[in-house]
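Step one of this worksheet: look at the structure below.
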Amino acid sequence: MPDKTELIVALDHPALKDALALVDELDRLPVLYKVGSGLFMAAGPDVVRELVSGRGKRVFLDLKFHDIPNTVEKAALQAALLGVEMFTLHLAGGRRMVSQTSAELTRFCNERGSRKPRILGVSVLTSFDGAAWSEVTTAQTGHAASPAQSLVGLVSNAALWGADGIVCSPLELEAVRARFPGLYTVVPGIRPKGAALDDQARVMTPTEARVAGANAIVVGRPVTASADPAKAVADILQDLACP
Ligand code: C5P
(Lines give C-alpha, C1' and ligand atoms only; values in the text may rest on other atoms or scores of the structure.)
Protein backbone atom coordinates (compact mmCIF):
# COMPACT_ATOMS: atom_id res chain seq x y z
CA MET A 1 0.00 0.00 0.00
CA PRO A 2 1.41 3.49 -0.80
CA ASP A 3 2.18 5.84 2.13
CA LYS A 4 -0.53 8.12 0.91
CA THR A 5 -3.43 8.06 -1.57
CA GLU A 6 -4.22 11.49 -3.02
CA LEU A 7 -7.70 12.69 -3.95
CA ILE A 8 -8.23 14.25 -7.38
CA VAL A 9 -11.56 16.02 -7.90
CA ALA A 10 -12.72 15.91 -11.53
CA LEU A 11 -13.83 19.35 -12.69
CA ASP A 12 -16.22 18.09 -15.35
CA HIS A 13 -18.00 21.44 -15.53
CA PRO A 14 -19.07 23.05 -18.79
CA ALA A 15 -18.02 26.54 -17.68
CA LEU A 16 -15.05 28.07 -15.87
CA LYS A 17 -17.12 29.98 -13.34
CA ASP A 18 -18.87 26.81 -12.13
CA ALA A 19 -15.56 24.97 -11.82
CA LEU A 20 -13.97 27.84 -9.90
CA ALA A 21 -17.00 28.12 -7.61
CA LEU A 22 -16.44 24.49 -6.56
CA VAL A 23 -12.69 25.02 -6.15
CA ASP A 24 -13.36 28.01 -3.90
CA GLU A 25 -15.84 25.99 -1.88
CA LEU A 26 -13.17 23.33 -1.32
CA ASP A 27 -10.50 25.93 -0.72
CA ARG A 28 -8.66 24.60 2.29
CA LEU A 29 -8.96 20.89 1.47
CA PRO A 30 -5.80 19.10 0.25
CA VAL A 31 -6.93 17.84 -3.16
CA LEU A 32 -5.78 17.97 -6.78
CA TYR A 33 -8.09 19.02 -9.63
CA LYS A 34 -8.53 17.14 -12.88
CA VAL A 35 -9.04 19.33 -15.95
CA GLY A 36 -10.28 17.28 -18.89
CA SER A 37 -11.06 18.11 -22.49
CA GLY A 38 -14.59 19.44 -21.80
CA LEU A 39 -13.55 22.21 -19.41
CA PHE A 40 -10.32 22.80 -21.35
CA MET A 41 -12.29 23.39 -24.58
CA ALA A 42 -14.66 25.73 -22.76
CA ALA A 43 -12.06 27.78 -20.91
CA GLY A 44 -8.70 27.04 -22.56
CA PRO A 45 -5.34 26.93 -20.79
CA ASP A 46 -6.44 29.92 -18.69
CA VAL A 47 -8.34 27.49 -16.51
CA VAL A 48 -5.05 25.82 -15.58
CA ARG A 49 -3.28 29.18 -15.08
CA GLU A 50 -6.12 30.32 -12.84
CA LEU A 51 -5.97 27.15 -10.76
CA VAL A 52 -2.18 26.89 -10.50
CA SER A 53 -0.95 30.49 -10.47
CA GLY A 54 -4.11 32.29 -9.38
CA ARG A 55 -5.21 29.92 -6.64
CA GLY A 56 -2.15 27.78 -5.84
CA LYS A 57 -3.89 24.51 -6.70
CA ARG A 58 -2.42 21.23 -7.96
CA VAL A 59 -3.65 20.16 -11.41
CA PHE A 60 -3.92 16.88 -13.30
CA LEU A 61 -4.34 17.75 -17.00
CA ASP A 62 -6.25 14.92 -18.65
CA LEU A 63 -6.12 15.70 -22.37
CA LYS A 64 -4.84 12.24 -23.44
CA PHE A 65 -2.27 13.38 -26.01
CA HIS A 66 -1.83 11.09 -29.02
CA ASP A 67 -0.01 12.45 -32.08
CA ILE A 68 3.38 12.38 -33.77
CA PRO A 69 6.25 12.54 -31.26
CA ASN A 70 7.20 16.15 -32.03
CA THR A 71 3.65 17.40 -31.47
CA VAL A 72 3.16 15.53 -28.20
CA GLU A 73 6.56 16.67 -26.96
CA LYS A 74 5.61 20.32 -27.62
CA ALA A 75 2.24 19.88 -25.91
CA ALA A 76 3.97 18.31 -22.90
CA LEU A 77 6.39 21.23 -22.57
CA GLN A 78 3.43 23.63 -22.61
CA ALA A 79 1.77 21.54 -19.90
CA ALA A 80 4.96 21.89 -17.84
CA LEU A 81 4.95 25.67 -18.40
CA LEU A 82 1.37 25.79 -17.13
CA GLY A 83 2.63 24.10 -13.96
CA VAL A 84 0.52 20.95 -14.05
CA GLU A 85 1.58 18.15 -11.72
CA MET A 86 0.62 15.31 -14.07
CA PHE A 87 -0.85 14.81 -17.54
CA THR A 88 -2.01 11.93 -19.74
CA LEU A 89 -0.96 10.54 -23.10
CA HIS A 90 -2.00 7.41 -24.98
CA LEU A 91 0.52 4.56 -24.72
CA ALA A 92 -0.75 3.47 -28.15
CA GLY A 93 1.23 6.46 -29.47
CA GLY A 94 4.24 4.18 -29.27
CA ARG A 95 7.79 4.12 -27.97
CA ARG A 96 9.12 7.20 -29.72
CA MET A 97 6.17 9.39 -28.81
CA VAL A 98 6.46 8.48 -25.13
CA SER A 99 10.25 8.33 -24.79
CA GLN A 100 10.95 11.53 -26.73
CA THR A 101 8.33 13.37 -24.67
CA SER A 102 9.79 12.01 -21.45
CA ALA A 103 13.40 12.87 -22.37
CA GLU A 104 12.63 16.38 -23.60
CA LEU A 105 10.38 17.12 -20.65
CA THR A 106 13.12 16.03 -18.24
CA ARG A 107 15.69 18.19 -20.04
CA PHE A 108 13.32 21.19 -20.19
CA CYS A 109 12.37 21.00 -16.52
CA ASN A 110 15.98 20.48 -15.40
CA GLU A 111 17.04 23.56 -17.33
CA ARG A 112 14.27 25.64 -15.77
CA GLY A 113 14.79 24.14 -12.33
CA SER A 114 11.11 23.19 -12.20
CA ARG A 115 9.55 19.90 -11.16
CA LYS A 116 8.85 17.55 -14.07
CA PRO A 117 5.15 16.72 -14.37
CA ARG A 118 4.33 13.03 -14.10
CA ILE A 119 3.55 11.39 -17.44
CA LEU A 120 0.56 9.06 -17.09
CA GLY A 121 -0.10 6.50 -19.80
CA VAL A 122 -3.60 5.61 -20.90
CA SER A 123 -3.91 2.05 -22.21
CA VAL A 124 -7.38 0.75 -23.17
CA LEU A 125 -10.21 3.11 -22.31
CA THR A 126 -12.69 1.47 -19.96
CA SER A 127 -15.55 2.42 -22.28
CA PHE A 128 -14.40 -0.39 -24.61
CA ASP A 129 -16.00 -3.79 -24.13
CA GLY A 130 -14.52 -6.93 -25.70
CA ALA A 131 -16.50 -6.66 -28.94
CA ALA A 132 -15.73 -2.98 -29.52
CA TRP A 133 -12.03 -3.48 -28.75
CA SER A 134 -11.77 -6.50 -31.03
CA GLU A 135 -13.17 -4.32 -33.83
CA VAL A 136 -10.30 -1.86 -33.31
CA THR A 137 -7.54 -4.47 -32.99
CA THR A 138 -8.81 -6.48 -35.94
CA ALA A 139 -8.91 -3.34 -38.07
CA GLN A 140 -5.34 -2.53 -37.00
CA THR A 141 -3.71 -5.94 -37.18
CA GLY A 142 -6.11 -8.49 -38.66
CA HIS A 143 -6.32 -10.21 -35.25
CA ALA A 144 -8.70 -9.67 -32.39
CA ALA A 145 -7.15 -8.86 -28.99
CA SER A 146 -9.03 -8.58 -25.73
CA PRO A 147 -8.84 -5.36 -23.69
CA ALA A 148 -6.89 -7.33 -21.02
CA GLN A 149 -4.27 -8.53 -23.53
CA SER A 150 -3.74 -5.05 -24.94
CA LEU A 151 -3.65 -3.53 -21.49
CA VAL A 152 -0.85 -5.81 -20.28
CA GLY A 153 1.10 -5.24 -23.48
CA LEU A 154 0.79 -1.47 -23.33
CA VAL A 155 1.34 -1.13 -19.58
CA SER A 156 4.47 -3.34 -19.76
CA ASN A 157 5.94 -0.70 -22.04
CA ALA A 158 4.88 2.30 -19.99
CA ALA A 159 7.89 2.41 -17.65
CA LEU A 160 10.36 1.18 -20.29
CA TRP A 161 9.37 4.07 -22.52
CA GLY A 162 9.59 6.71 -19.77
CA ALA A 163 6.05 7.09 -18.44
CA ASP A 164 5.81 7.61 -14.69
CA GLY A 165 2.47 5.96 -14.19
CA ILE A 166 -0.84 4.96 -15.68
CA VAL A 167 -4.53 5.58 -15.40
CA CYS A 168 -6.28 2.31 -14.61
CA SER A 169 -9.72 1.10 -13.59
CA PRO A 170 -10.48 -0.39 -10.17
CA LEU A 171 -10.78 -3.73 -11.94
CA GLU A 172 -7.18 -3.62 -13.15
CA LEU A 173 -5.58 -2.05 -10.10
CA GLU A 174 -4.51 -5.11 -8.11
CA ALA A 175 -3.00 -6.88 -11.13
CA VAL A 176 -1.17 -3.72 -12.20
CA ARG A 177 0.25 -3.16 -8.70
CA ALA A 178 1.41 -6.77 -8.52
CA ARG A 179 3.09 -6.79 -11.94
CA PHE A 180 4.33 -3.21 -12.16
CA PRO A 181 4.90 -2.03 -8.58
CA GLY A 182 6.98 0.98 -9.67
CA LEU A 183 4.19 2.65 -11.66
CA TYR A 184 2.20 5.51 -10.12
CA THR A 185 -1.49 4.58 -10.39
CA VAL A 186 -4.37 7.00 -10.86
CA VAL A 187 -7.76 5.33 -10.51
CA PRO A 188 -11.18 6.72 -11.57
CA GLY A 189 -14.45 4.83 -11.07
CA ILE A 190 -14.49 5.49 -7.31
CA ARG A 191 -17.70 5.69 -5.28
CA PRO A 192 -17.91 6.25 -1.53
CA LYS A 193 -20.03 3.61 0.21
CA GLY A 194 -23.72 4.14 -0.61
CA ALA A 195 -23.11 6.74 -3.35
CA ALA A 196 -24.95 6.54 -6.69
CA LEU A 197 -23.02 4.62 -9.36
CA ASP A 198 -24.11 7.02 -12.15
CA ASP A 199 -22.75 5.44 -15.35
CA GLN A 200 -19.78 3.70 -13.69
CA ALA A 201 -20.20 -0.07 -13.96
CA ARG A 202 -17.44 -1.40 -11.71
CA VAL A 203 -16.39 0.74 -8.80
CA MET A 204 -14.29 0.69 -5.66
CA THR A 205 -14.71 2.72 -2.50
CA PRO A 206 -11.89 5.13 -1.59
CA THR A 207 -10.74 2.77 1.17
CA GLU A 208 -10.72 -0.27 -1.15
CA ALA A 209 -8.70 1.67 -3.73
CA ARG A 210 -6.20 2.72 -1.09
CA VAL A 211 -5.81 -0.85 0.17
CA ALA A 212 -5.45 -2.10 -3.42
CA GLY A 213 -2.56 0.34 -3.90
CA ALA A 214 -3.91 3.41 -5.71
CA ASN A 215 -1.54 6.38 -5.52
CA ALA A 216 -4.40 8.71 -6.43
CA ILE A 217 -8.13 8.35 -6.96
CA VAL A 218 -10.32 10.47 -9.24
CA VAL A 219 -13.78 11.38 -7.97
CA GLY A 220 -16.25 13.49 -9.92
CA ARG A 221 -20.00 13.41 -9.38
CA PRO A 222 -20.03 12.18 -5.77
CA VAL A 223 -18.40 15.56 -5.03
CA THR A 224 -19.60 17.86 -7.82
CA ALA A 225 -23.25 16.79 -7.57
CA SER A 226 -23.29 16.75 -3.78
CA ALA A 227 -25.39 19.27 -1.84
CA ASP A 228 -22.33 19.72 0.40
CA PRO A 229 -19.16 19.16 -1.66
CA ALA A 230 -16.80 20.18 1.15
CA LYS A 231 -18.29 17.52 3.43
CA ALA A 232 -18.18 14.94 0.62
CA VAL A 233 -14.46 15.66 0.13
CA ALA A 234 -13.71 15.70 3.86
CA ASP A 235 -15.41 12.29 4.21
CA ILE A 236 -13.37 10.81 1.35
CA LEU A 237 -10.14 12.25 2.79
CA GLN A 238 -11.00 10.65 6.10
CA ASP A 239 -11.53 7.27 4.36
CA LEU A 240 -8.15 7.66 2.65
CA ALA A 241 -6.42 8.50 5.91
CA CYS A 242 -7.54 5.25 7.57
CA PRO A 243 -4.88 2.54 7.70
O1 C5P B 1 -18.16 11.50 -11.94
P2 C5P B 1 -17.15 10.36 -11.91
O3 C5P B 1 -16.55 10.15 -10.54
O4 C5P B 1 -17.68 9.10 -12.53
O5 C5P B 1 -15.98 10.92 -12.83
C6 C5P B 1 -14.82 10.19 -13.09
C7 C5P B 1 -13.87 10.99 -13.91
O8 C5P B 1 -12.83 10.13 -14.32
C9 C5P B 1 -14.48 11.58 -15.19
O10 C5P B 1 -13.80 12.80 -15.48
C11 C5P B 1 -14.18 10.54 -16.23
O12 C5P B 1 -14.05 11.07 -17.51
C13 C5P B 1 -12.81 10.02 -15.74
N14 C5P B 1 -12.48 8.66 -16.19
C15 C5P B 1 -13.28 7.55 -15.92
N16 C5P B 1 -12.90 6.32 -16.35
C17 C5P B 1 -11.78 6.16 -17.06
C18 C5P B 1 -10.97 7.24 -17.33
C19 C5P B 1 -11.35 8.50 -16.86
O20 C5P B 1 -14.30 7.68 -15.25
N21 C5P B 1 -11.42 4.96 -17.44
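The values are calculated or read from the model by the stated rules, or taken from the named source; none is laboratory data. Just so you know, these numbers come straight off a predicted model, no measurement behind them. For neighbour counting, all protein chains shown are included, and Cβ atoms are generated from backbone atoms with ideal geometry for every residue, glycine included. In case anyone asks, the SASA skips ligands and DNA or RNA and just uses the protein heavy atoms, side chains included. Shrake-Rupley method; radii C 1.70, N 1.55, O 1.52, S 1.80 Å.
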Q: Filter the stretch 198-219 down to residues that are near the ligand (Cβ under 9 Å from one of its atoms) and open to solvent by 10 Å² or more (accessible area, probe 1.4 Å) and give me whichever is farthest from Leu39 (Cα to Cα).
A: Val203
Q) When the residues of the stretch 126-135 are filtered to those that are within 16 Å of the ligand (Cβ to nearest atom) and not small (Gly, Ala, Ser), which remaining residue is surrounded by the most Cβ atoms within 10 Å (Cβ to Cβ)? A) Trp133
Q) Would you pick out the residues in the stretch 1-41 that are open to solvent by 60 Å² or more (accessible area, probe 1.4 Å) and under 16 Å from the mean Cα position of the chain (by Cα)? A) Asp12, Ser37
(Q) For the stretch 108-115, check the following and say yes or no: at least one residue is aromatic (Phe, Trp, Tyr) and either open to solvent by less than 20 Å² (accessible area, probe 1.4 Å) or farther than 24 Å from Ala214 by Cβ (or both). (A) yes
Q | Matching residues in the stretch 172-183 - criterion: being more than 10 Å from the ligand (Cβ to nearest atom) and buried (at least 17 other Cβ atoms within 10 Å of the Cβ) | A | Leu173, Val176, Arg177, Phe180, Leu183
Q. Which condition number does Ala195 fail, the rest of (1) touching a helix residue (DSSP H, G or I) at 6+ places or on another chain (Cβ under 8 Å); (2) under 19 Å from Val31 (Cα atoms); (3) within 15 Å of the ligand (Cβ to nearest atom); (4) not basic (Lys, Arg) being met?
A. (2)
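Restricting the search to the stretch 73-90, which residues are touching a Gly at 6+ places or on another chain (Cβ under 8 Å) and either farther than 11 Å from Thr101 by Cα or in a loop (DSSP other than H, G, I, E, B) (or both)?
In the first step, residues of the stretch 73-90 are kept if they are touching a Gly at 6+ places or on another chain (Cβ under 8 Å); the result is 86, 88-90.
Result: Met86, Thr88, His90.
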Q) Which of (1) within 11 Å of the ligand (Cβ to nearest atom); (2) β-branched (Val, Ile, Thr); (3) over 28 Å from Pro117 (Cβ atoms) does Ile190 not meet, given it meets every other one? A) (3)
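So which of Ala159, Ala139, Ala163 ends up being at pLDDT 95 or above, hydrophobic (A, V, I, L, M, F, W, C), more than 14 Å from the ligand (Cβ to nearest atom) and closer than 21 Å to Ser102 by Cα?
Ala163
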Q. Across the stretch 52-72, what is the total count of residues that are in a loop (DSSP other than H, G, I, E, B) and touching a Phe, Trp or Tyr at 6+ places or on another chain (Cβ under 9 Å)?
A. 1
Q: Select from the stretch 72-106 the residues that are in contact with a helix residue (DSSP H, G or I) (Cβ under 6 Å, 6 or more places away or on another chain) and among the polar types (S, T, N, Q) and write down the one among them that is farthest from Gly121 (Cα to Cα).
A: Gln100
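Output the residues belonging to the stretch 142-156 that are closer than 17 Å to Gly94 by Cβ and within 16 Å of the ligand (Cβ to nearest atom).
Residues of the stretch 142-156 that are closer than 17 Å to Gly94 by Cβ, as a first pass: 145, 150-156.
The answer is Ser150, Leu151, Leu154, Val155.
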